[in-house]
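Visitor: Below are the structure tokens for one structure; questions will follow.
Just so you know, all these numbers are worked out from the coordinates, no wet-lab data involved. Bear in mind the structure is a predicted one, so any value in this text is a computation, not a measurement. Quick reminder, even Gly has a Cβ in these numbers, built from the backbone with ideal geometry, and neighbours come from all protein chains shown.
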Amino acid sequence: MFDELFTITTLIGILHSCVRLATPYLLASLGETFGQRSGVLNLGVDGIMLMGAFFAFYVVFEGHNLWVGVLAAIAVGILMGLLKAFVSVTMQSLQGISGIGLYLFGLGLSSLLFKTLIGSVEGVSGFRQLPIPLLADIPGIGHILFNHNILVYLAYLMVPVSWFVINRTTLGLKIRAVGHNPEAADTLGVSVNGVRYTTMMIGGALAAVAGASLSIGLQNVFQENMTNGLGFIAVALVYFGSWRTAGVLGGSLLFSLVNALQLWVQALAIPVPSEIAVMMPYIMTIVVLAFTARQIQKPAALARSYERGE
Amino acid sequence: MLTGQRRIEDQFVYGISRPTGGHRAVNFRLNAPYVQMYGIVKRFPGVMACDHVDFDVRRGELHALLGENGAGKSTLMRILYGLYQPEEGRILRDGAEVTIHSPTDAIRQGIGMIHQHFMLVDTLTVTENVALGLKSSREPLLDLDRVEAGIRELSEAYGLQIDPRAPVWTLSVGERQRVEIMKALYRGAAMLILDEPTAVLTPQEVDELFVTLGYMKENGYSLVLISHKLQEVLAISDRITVLRAGRLVGTVPTEDMTRQALARMMVGRDVMLERTREEDLDAGEVRLRLEDVKALDVTGQPALRGVSLSVQAGEILGIAGISGNGQRELAEVIAGLRPISGGNVEIDGIPITDWSTARRTEGGLAYIPEERMHDGVVRDFAVSENLVLQEHTSDKFSNGIFLAFDYIARYSRQMIQDFYIKTPDIRTMTRNLSGGNIQRLILARELSRRPKVLVAAQPTRGIDIGAIEYIYQQLLEQRDKGMATLLISEDLDELLALCDRIAVIYEGLIMDVLDRDSTSAQELGLLMAGVHSEKQGAQLEEQGAQPDIQ
């Protein structure tokens, strides 16, 4: 019964979906990587994504340019990041709990705004496919890699950019130091809180764009809780990827592959209960986390707030 | 020498604002005061940490700051480094008044500090640690190549051997300290404050450090050495300032001082620290025996890899070694706090390997744990509760299911008197006592039971000299009464003063057991670093195994 799944056309289709669907995972988990490398665990990614998705959608729905929608999402994401930073860094509340609070806030507010401002499920025309000239014409590969909307390319571009920022800039060195030994960084005049505010803003912006990539790029609708916990998977992917950008890329592709398979299994009406197919990404999250529970590269100060002591 | 200094200085072009005033100019005047502090006052709740203290350090001088724990020496230096703000007092650099609000300000004034707990990021390389927080010449990009070149120059000039590309987690304690010094030098420090720098080093590493400090002094650096070790202060400093209870006792040239005179300044009375054993008791019967003991550390790695030892009645056996070589696990295995993965522990010939800690206590074992605040007492218990903690179920302290409060109170008062525990009351929370008094409390609890065997892990670490003197007295007294003591310490002077024999532990193995009278700090230091003496090496080869230690 799986024969249909293994024709060339289908495989190309699955891989194309895989590359495309990795976009929100990638953006959100790269953002989370910045935060975690600096020692802040942000479990509120999903809430930020929902807010980003809503505002991008709403701005476009009101007839503005798609890029204005993206900018709106970024602005909202930065605000959400600042809120998280204020609660976790300045007020030093427990990071896990405050992250869940942020998630619930984002979930509730985006639903409320959706109901009052839009009301019913509507569509917009989001970013269109932008085949890259010549490259997109390569048989097979061309369609898989080079026939996507611009947000997809942007997400992949963020992988080397993030790596470069973390490993080759003074800001990146500060981020790594603050995540491992904030006391040491503080004695050298590095503002621990300043660095953490910065990473929270970067993470918030990326998470919000991840949300926008759903509402004005991939699905072109907004629904309540449309992320379906995708933001939590993004957090898990950071662990899975051992806090490295390449690891996060690998994890994102793996998860989107499972997702793509799941969609295609349903689309081809292969008689697998759709509930089981939909469950797959979440089951994978649990399995993957179980096997990556111990990590030596983990930032030593992760989820620990910093207070200048004696 | 001066041209060398200048050449190095040329490397300091990277963005960081160098100390103003050109104090690195070639014609610096040796012996001119670099930093002067006048009338410094700092209060903490309930304590006067610094009470109108004056202090100065000259160029090209190594100035030792001596005092007991809580004397205010670290506080004074933290004020200078900008970690605390003084309530009164003035600070001058090169004769001009300055205000220092933060470590960044201090660095700007050319003042660097090497903390007792290293402030390094393990996962970063040496170069990255040095570059952290500095402005790069290619902002916002890093310029690690230039930093690395600067490090190489400096390490050559001052004998600071470091590989700039090594990640810090791969470095030894001595090397990490060099990275700390490098951080300060690279930032253009003209003055270094070293907070108890030798506490964590082997004797060989101490020698290397002192050579480096010597070079720095010649090059006009001002050095402040915070210490409570009289010997090293006398050996390398030019002047000594002694603080006691937040007050300045005096500043004296080192050549005028002796150990006794310094100890008197520190404590305010005569101190007997060099209490050698008056008479050697004949070795009694074996009280504690370990045979091929193996154990794992918290991460599941082998920490003890076959330790055999025996301690006789009326003997103190020392365990020397650099921390982390299995000492903690050794103490815990004997105390019954860590499962044994091979071998045997016996007290008086009876195997106790399977005994619970309570049964070991009844069997005559006493234990002074390394982490006294953590493992030695319950911090939020009253002094009297901690005193009877171990035996609170015995007939002595209880009537059936009730505690015998009257007796416990009487007993506690007696203990406080006998062991000189300074506490306002027996109901005072233990957390409010000083380290020395908590250790006295533990000593009272453990020794009043008249144990046959005592395991003491780092009993004097971080304790003031008065309490140390008392602990030494107690240990020797009990030894003379026939107790067998296993004394784990990182302080070689302490081991050489107290022990009859000294075993050296290295990576979970006993390197050798030496008679105290026929060994030296140098020999012990080599063994602590894992270097076999020739005699020992030959012996090992012959036997093809761990020598049987008796």
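Visitor: Given a cut-off of under 8 Å on Cα pairs at least six residues apart, what relative contact order in percent is computed for chain B?
Guide: Working: 1042 pairs, mean separation 78.2, N = 550.
Worked out over chain B, it gives 14 percent.
Visitor: Give me a single rounded figure for A:183-194: the average over its residues of other chain Cβ atoms within 10 Å of their Cβ. Intermediate results must be reported in sequence, preceding the final value.
Guide: Details: counts 4, 14, 4, 6, 14, 13, 13, 4, 2, 0, 0, 0.
The shielding value for this peptide is 6.
Visitor: Given N residues in the protein assembly as shown, what is Rg(Cα) / (2.2 N^0.38 Å)? Numbers along the way, then the final one.
Guide: Details: Rg = 32.8 Å, N = 860, 2.2 N^0.38 = 28.7 Å.
Output field value: 1.14.
Visitor: With a cut-off of 8 Å between alpha carbons and a minimum separation of six or more residues, what is the relative contact order of segment B:381-448 in percent?
Guide: About 41 percent, as a whole number.
Visitor: Still on this structure: So, counting K/R as plus one and D/E as minus one, what does the shell of residues with Cβ under 12 Å around A:W243 add up to?
Guide: Numbers: positive: A:R37, A:R176, A:R244, A:K298; negative: A:E32.
Counting the neighbours of A:W243, the net charge comes to +3.
Visitor: Further question: For segment A:93-224, build the charge dipole from Cβ charges (+1 Lys, Arg; -1 Asp, Glu) around the Cα centre, then report which of A:T187, A:Y156, A:F222 sits farthest towards its positive end.
Guide: Checked the options; the winner is A:T187.
Visitor: If you don't mind, another one. Collect residues whose amide H, placed 1.01 Å from N in the peptide plane, falls under 5 Å from the amide H of B:D348; neighbours closer than 5 in sequence don't count.
Guide: Sorted by chain and number, the residues that satisfy this are B:L288, B:R289.
Visitor: Can you put A:F255, A:F240, B:F381 in order, fewest other beta carbons within 10 Å first? Walk me through the numbers on the way to the answer.
Guide: On the way: A:F255 28, A:F240 24, B:F381 15.
In increasing order of surrounding Cβ atoms, one gets B:F381, A:F240, A:F255.
Visitor: Report the Stokes-Einstein translational diffusion coefficient (µm² s⁻¹, integer) for segment B:305-425, Rh taken as the Kirkwood radius over Cα pairs, at 20 °C with viscosity 1.002 mPa s.
Guide: Numbers: Rh = 16.9 Å.
Answer from the Stokes-Einstein relation: 127 µm²/s.
Visitor: Can you give the helix-only mean residue ellipticity at 222 nm for chain B, where every DSSP H stretch with n ≥ 4 adds -39500 (n - 2.57) and the sum goes over all residues, rounded to the nearest 500 deg cm²/dmol? Walk me through the intermediate numbers first.
Guide: Numbers: 18 runs with 177 residues, N = 550.
Helices in chain B give a 222 nm mean residue ellipticity of -9500 deg cm²/dmol.
Visitor: Over all directions, what mean area does the Cα convex hull of chain B project, stated in square nanometres? Mind showing how you got there, number by number?
Guide: Numbers: hull surface 111.2 nm².
Convex hull of Cα atoms, orientation-averaged projection: 27.8 nm².
Visitor: Once each part is reduced to its C-alpha centroid, what is the distance from segment B:87-135 to segment A:86-137 in angstrom?
Guide: After rounding, the separation between the Cα centres reads 43 Å.
Visitor: Quick one: which residues, 5+ away or cross-chain, put their amide H under 5 Å from the amide H of A:V272? H built at 1.01 Å from N.
Guide: Correct list: empty.
Visitor: Ranking B:C50, A:C18 by Cβ neighbours within 10 Å, fewest first, what do you get?
Guide: Details: B:C50 30, A:C18 22.
Fewest-to-most Cβ neighbours within 10 Å comes out as A:C18, B:C50.
Visitor: So, one more: Tell me the net charge near B:S227. Cut-off is 10 Å between Cβ atoms, B:S227 excluded, with +1 for each Lys or Arg and -1 for each Asp or Glu. Don't jump to the answer; show the numbers that get you there.
Guide: Values: positive: B:K73, B:K229; negative: B:D195, B:E196, B:E232.
Here the count lands on -1.
Visitor: Provide the convex hull volume over Cα atoms per residue for chain A, in Å³. Walk me through the intermediate numbers first.
Guide: Numbers: hull volume 41.7 nm³, N = 310.
Here the figure is 134 Å³ per residue.
Visitor: Place a label point 7 angstrom from the Cα of A:I141 along the Cα-to-Cβ direction, then list the residues of segment A:248-291 whose backbone nitrogen is under 16 Å away.
Guide: Taking a point 7 Å out along Cα→Cβ of A:I141, no residue of segment A:248-291 has its backbone N under 16 Å.
Visitor: Using the Cα centre of segment B:351-393 as the reference point, and only Cβ charges (+1 on K/R, -1 on D/E), how large is the resulting charge dipole? Debye, rounded to the nearest 20.
Guide: Details: 4 positive and 8 negative charges, 14 e Å.
Magnitude of the dipole: close to 60 debye.
Visitor: Something else about it: Using θ = phi - 60° and the Karplus relation 6.51 cos²θ - 1.76 cosθ + 1.60, list the HN-Hα couplings for segment B:118-135 in order, rounded to whole Hz, with x at every Gly or Pro.
Guide: 4, 9, 10, 9, 3, 7, 8, 7, 4, 4, 5, 5, 5, 6, 4, x, 8, 6
Visitor: What list do you get for A:S111, A:S38 if you sort them by fewest beta carbons within 10 Å? Walk me through the numbers on the way to the answer.
Guide: On the way: A:S111 15, A:S38 32.
Sorted ascending by nearby Cβ count, the order is A:S111, A:S38.
Visitor: Towards the positive end of the charge dipole of chain B, with charges on Cβ (+1 Lys, Arg; -1 Asp, Glu), say which of B:G250, B:G324, B:L154 has the farthest Cα.
Guide: Most positive-ward Cα: B:G250.
Visitor: Mind putting a number on the dipole of the protein assembly as shown about its Cα centre? Charges go on the C-beta only, +1 for Lys and Arg and -1 for Asp and Glu, and I need it in Debye to the nearest 20. Please list the in-between numbers first.
Guide: Details: 74 positive and 92 negative charges, 553 e Å.
Its charge dipole is roughly 2660 debye.
Visitor: Largest first and to the nearest Å, give the Cα extent of segment B:278-367 along each principal axis.
Guide: Over segment B:278-367, Cα extents along the principal axes are 44, 30, 20 Å.
Visitor: A further question follows. Hey, what angle do you get for helix B:405-418 against the long axis of chain B, alpha-carbon based, 0 to 90 degrees rounded to 10?
Guide: Rounded to the nearest ten degrees, it is 60.
Visitor: Here is a further query. If you wrap a convex hull around the Cα atoms of segment B:25-123, how much volume per residue is inside, in Å³?
Guide: Working: hull volume 13.4 nm³, N = 99.
Here the figure is 135 Å³ per residue.
Visitor: Give me the base-10 log of I(q)/I(0) for segment B:381-448 at each q in 0.22, 0.27 Å⁻¹, Debye formula, one uniform scatterer per Cα, rounded to two decimals.
Guide: Normalising to I(0) and taking log10 leaves -0.86, -1.24.
Visitor: Here's a follow-up. Using modelled backbone amide H atoms (1.01 Å from N, in-plane), which distant-in-sequence or interchain residues come within less than 5 Å of B:V224's amide H?
Guide: B:H63, B:L192, B:I193, B:L194
Visitor: Here's something else I'd like to know. Once you list every other residue whose beta carbon is under 12 Å from the beta carbon of A:R304, what net charge do they have if Lys and Arg are +1 and Asp and Glu are -1?
Guide: Details: positive: A:R196, A:K298; negative: A:E183, A:E307.
Value of the local net charge: 0.
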